[in-house]
Amino acid sequence: MTDKEQIKDVINSVALMQDMKQWERLESFFVRRPFIDNKAISGEMPAIVPKHRLIENWRKEIGSYFYATRHFVKRLAVKMVSARRAKVTTAVEHVHYVADRGDRYAWTVKGRIEYILIKTTNGSWKISQMVFKLTNQTVRPLGAAA
């Protein structure tokens with residue numbers, strides 16, 4: 001696999017692992033302390049966080065509030081900055097399925113994510129920075145929960 005193919009695989013795998021709730025597998029896609037900026041959606045200040053805390057926060061948020069999610073990655077563009085560093089931009093659509101007091105909703109968030117990945121000494125690519133830029137969001141009723 002080429003570097004660009006490996007990088008695309010990392011980005012797509014993170015989205016898939018979130019949807020499958022494979023939390024223990026997600027850590028392998030990040031450096032030890034990535035820079036994360038999800039302020040546009042979470043309100044949290046951008047920060048360098050230990051990857052285990054990032055994944056644990058996702059586990060709590062996704063597991064507590066949503067009965068299912070779908071993270072769609074679109075228009076994934078990779079720019080090699082050097083042999084060991086790449087910038088990636090993706091358009092994303094994240095659909096979060098919520099059940100609340102007998103009603104079901106789909107909360108859809110659209111935007112883009114800007115990543116920086118670095119190539120480790122063992123040759124694998126890891127996310128060192130992830131910045132979410134919100135374009136829009138909608139909430140759509142799905143009908144009564146069973």
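Computed from the coordinates by the stated procedures, all read-outs in this text should not be read as laboratory data. Computed from a prediction, not measured in an experiment: that's the story for all the values here. With ideal geometry, Cβ positions are generated from the backbone for all residues, glycine too; neighbour counts draw on all protein chains shown.
Could you check what % of the DSSP bridge pairs in the range 3-144 are antiparallel, to the nearest 5? List each step's numbers first, then the result.
Working: 47 of 51 bridges.
Just about 90 percent of them are antiparallel.
Return the inverse of the average 1/r over all pairs of distinct C-alpha atoms in the chain, which is the Kirkwood hydrodynamic radius, in Å to one decimal.
Numbers: mean 1/r = 0.0626 Å⁻¹.
Value: 16.0 Å, from the Cα pair sum.
For the chain, modelled as a GNM with alpha-carbon contacts under 10 angstrom, which of SER124, SER64, SER13 fluctuates the most?
SER64
Would you mind pulling out the separation of the Cα centroids of the range 76-118 and the range 1-35, in Å?
After rounding, the separation between the Cα centres reads 12 Å.
Compute the length gained on full extension between LEU134 and ARG59: take 0.36 nm times their separation in residues and subtract their Cα-Cα distance, giving the result in nm to one decimal.
Numbers: separation 75, 0.36 × 75 = 27.00 nm, distance 2.12 nm.
Answer, rounded to one decimal: 24.9 nm.
Could you put MET17, MET1 in order, starting from the residue whose Cβ has the fewest other Cβ atoms within 10 Å? Intermediate results must be reported in sequence, preceding the final value.
Details: MET17 20, MET1 8.
Least crowded to most crowded, the residues run MET1, MET17.
Express in nm, to one decimal, how much length is gained between ASP103 and SER124 on full extension, taking 0.36 nm for each residue of separation and deducting their alpha carbon distance. Walk me through the intermediate numbers first.
Numbers: separation 21, 0.36 × 21 = 7.56 nm, distance 4.35 nm.
Between ASP103 and SER124, full extension yields 3.2 nm more.
Evaluate the charge dipole of the chain about its Cα centre and quote only its size in Debye, nearest 20, assuming +1 on the Cβ of each Lys and Arg and -1 on the Cβ of each Asp and Glu. Mind dumping the intermediate values first?
Numbers: 26 positive and 14 negative charges, 86 e Å.
The calculated dipole for the chain is roughly 420 debye.
For ARG75 and GLU114 in the same chain, what is the full-extension length gain: residue separation times 0.36 nm, less their Cα-Cα distance, in nm? Intermediate values should be presented prior to the final figure.
On the way: separation 39, 0.36 × 39 = 14.04 nm, distance 1.19 nm.
The span from ARG75 to GLU114 would gain 12.9 nm if fully extended.
Once the other residues with Cβ under 12 Å from the Cβ of ARG85 are scored (Lys, Arg +1; Asp, Glu -1), what is the net sum?
On the way: positive: LYS79, ARG84, LYS87, LYS119, LYS126; negative: ASP3.
Overall, the nearby charge balance is +4.
For the range 17-61, what ratio Rg/Rh do Cα atoms give with a Kirkwood hydrodynamic radius?
Values: Rg = 10.4 Å, Rh = 10.9 Å.
Here the Rg-to-Rh quotient is 0.95.
Note the count of lysine pairs whose C-alpha atoms are less than 16 angstrom apart in the chain, limited to pairs 8 or more residues apart or on different chains.
Final tally of qualifying lysine pairs is 26.
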